[in-house]
Amino acid sequence: MAAQGLTILEGERAPAMAERTTLRLGGPVMGEAVLTEPAAAALLPGIAKRLGGRLACLGAGSNILAGEGPLDLVLVKNGMAPDISVLGDDGKTATLRASGSARLPVLLGRAAALDLGGLEGLSGIPGSVGGAVAMNAGSYGQCIADSLTALEIVTGEGEVRRFGREAVAFGYRAMDLPEVKGWWMVTAAEFRLTREEAGAVREKSRELLDKKRATQPVTAASAGCVFKNPSPEQPAGKLLDAAGFKGKRLGGMIFSPLHANFLVNEGRGTSTEALELMDMAKQAVFAASGIILEPEVRIWV
Ligand SMILES: Cc1cc2nc3c(=O)[nH]c(=O)nc-3n(C[C@H](O)[C@H](O)[C@H](O)COP(=O)(O)OP(=O)(O)OC[C@H]3O[C@@H](n4cnc5c(N)ncnc54)[C@H](O)[C@@H]3O)c2cc1C
C-alpha cells in the first residue's frame, strides 16, 4: 500500500526482524512503513490500529534483539534523504546538521574531513543518526549527548517539532522528550563541534577503530554490547568473563571469545537461544557478584 509520503509493507509482505537487524534474529512484524514526508506521519496511528500493532521506530537495527514473533509491531523507517550540512563555521567551532536517516559513520567521516572534533569517540558504531540519538550512543568516554545542541522530531500528528538540548532527557544509553506525549521519531539532529589540528580527528578515529577491531568482533552478527556496564570499574564484559561466559555457547548463539559482552549469532542462532543465554548469564553474574545486569540491547518480544 502507498499513500503520499508513505509506503507500507503489510501482511505476507511485512518483513521479519531477522531481515532488519544486525543480530539477524526475530520473526515477522505486522507491517513496515517507510516515511518519505513528515506530514504523512499523521497516517501512522490509524495504520497501526488497522494492522493491530504498535509503532516502533527502526534505524539501522544495530541495537535490537527481536523475539520469534509474530510481533505486534509496525516498524517505522525514516526514508527521507540522509543529508548532512554545515550550519555555521566560525573557524573554531562549527555546527553540523544531520538527518536522522544519515548513517553515523558518514557523519563522523564528514566531521573528520572538516577537522571537527567531538564525535570521534563514537567511531565504529554502525547505527543511524536517529538511532544514535535515541540510544545516546557512546564509547571511549564520549556520547552523542555531549555535542548535541538541538534535534527535530516528527510526531504521530505529522507535526515537525524542534527542541534545544535542554528539553532532551539523556541517560546512559537512553533518551526521552518529556514534553512530548505519544509516538515520535527523531528526524534530524545538530552537533556543535570543535576545530582541531589538521588531520587530528581522522587520526584519533583511526586509532579508536583499530582498537575496536582488535578487541571486539566488529564484523560478526551482533548488536554490540548486550548488557549495560554497571559501573566504569565493573564493565559487564569483565563480570561476564569472571562468571565463565566468555565464549559460552547455546545453540547458534555465543558470547564472543574476543569480548564477553558481545552476543554473536553464528548463523543459525535463534531469538529463544539468545534470550535464554542472556538470562543464564544474568543469573551467573548475580550469583558470582551480587550485581544485576541490565540489557543495553532493546528487546522486542
Ligand atoms: C558491531 C557493533 C558495535 C557497536 N558498538 C556500540 C558502541 O560502542 N556504543 C554504543 O552506544 N552502541 C554500540 N552499538 C549498538 C548500536 O550500534 C547503537 O545503539 C546505535 O546507536 C543504534 O542505532 P540504530 O540506528 O541501529 O538503532 P536501532 O537499532 O534501529 O534502534 C535502537 C533503538 O532506537 C530507537 N530508534 C531508532 N531510530 C530512531 C529514531 N529515528 N527516532 C526515535 N527512536 C529511534 C528504536 O526504536 C530502538 O528502540 C554497536 C552495535 C554493533 C552491531
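Sorting the Cα pairs of region 218-293 by distance into bins of 10 Å, from 0 upward, gives 22, 57, 20, 1 percent per bin. If you model region 174-301 as an ellipsoid using its alpha carbon gyration tensor, with each semi-axis the square root of five times an eigenvalue, the axes come out at 29, 22, 16 Å, biggest first.
Rounded, prolate or oblate: pick one for the chain, where a ≥ b ≥ c are the square roots of the eigenvalues of its C-alpha gyration tensor, a/c under 1.5 means rounded, and failing that, prolate if a/b is larger than b/c, else oblate. Oblate.
Could you check how much of the accessible area of the chain is carbon and sulfur, as a whole percent, using a 1.4 Å probe?
Numbers: 7080 of 13690 Å².
Roughly 52 percent of what the probe reaches on the chain is carbon or sulfur.
Which of the lysines could be linked to K92 by a straight reach, that is with a Cα gap under 18 Å, when you skip same-chain ones fewer than 8 residues away? Output for K92: empty list, no partners. Entry comment: accessible area of the chain is 45 Å² per residue, from protein heavy atoms only and a probe of 1.4 Å.
Within the chain, helices built from complete DSSP H runs that reach 24 Å or longer along their own axis (Cα positions) and carry a mean Kyte-Doolittle hydropathy of 0.0 or higher are 271-289.
Over 23 Å apart at the Cα level, from the set K212/K238; K228/K248; K181/K282, are K181/K282. Ignoring aspartates and glutamates fewer than eight residues from K204 along the same chain, the ones with Cα atoms less than 17 angstrom from its Cα are D115, E120, E196.
Rounded to the nearest 0.05, what FRET efficiency do R206 and S85 have when you use their Cβ-Cβ distance and R0 = 25 Å? It comes out at approximately 0.50.
So for region 84-215, what percent of the C-alpha to C-alpha distances run longer than 19 Å? The partial results should precede the final answer.
Numbers: 3989 of 8646 pairs.
Looking at region 84-215, the distances longer than 19 Å represent 46 percent of pairs.
Among G182, G11, G109, the largest mean-square fluctuation in a Gaussian network model of the chain, built with springs joining Cα atoms closer than 10 Å, belongs to G182.
When both bridge partners sit in the chain, DSSP labels roughly 75% of those beta bridges antiparallel.
When the GluC sites (Glu not before Pro) in region 238-296 are filtered for DSSP coil states and for at most 15 other beta-carbon atoms within 10 Å of their beta-carbon, the remaining sites are E266.
Can you tell which of G27, G121, G52 shows the greatest fluctuation in a Gaussian network model of the chain with Cα springs below 10 Å? The residue with the greatest mean-square fluctuation here is G52.
The values are calculated or read from the model by the stated rules, or taken from the named source; none is laboratory data. These numbers were taken from a predicted model, which means no experiment stands behind them. No Cβ is skipped: glycine too gets one built from the backbone with ideal geometry, and neighbour counts run over all protein chains shown. Ligands, DNA and RNA are stripped out before the accessible areas are found, and what is left, the full protein with its side chains, is counted by its heavy atoms. Shrake-Rupley method; radii C 1.70, N 1.55, O 1.52, S 1.80 Å.
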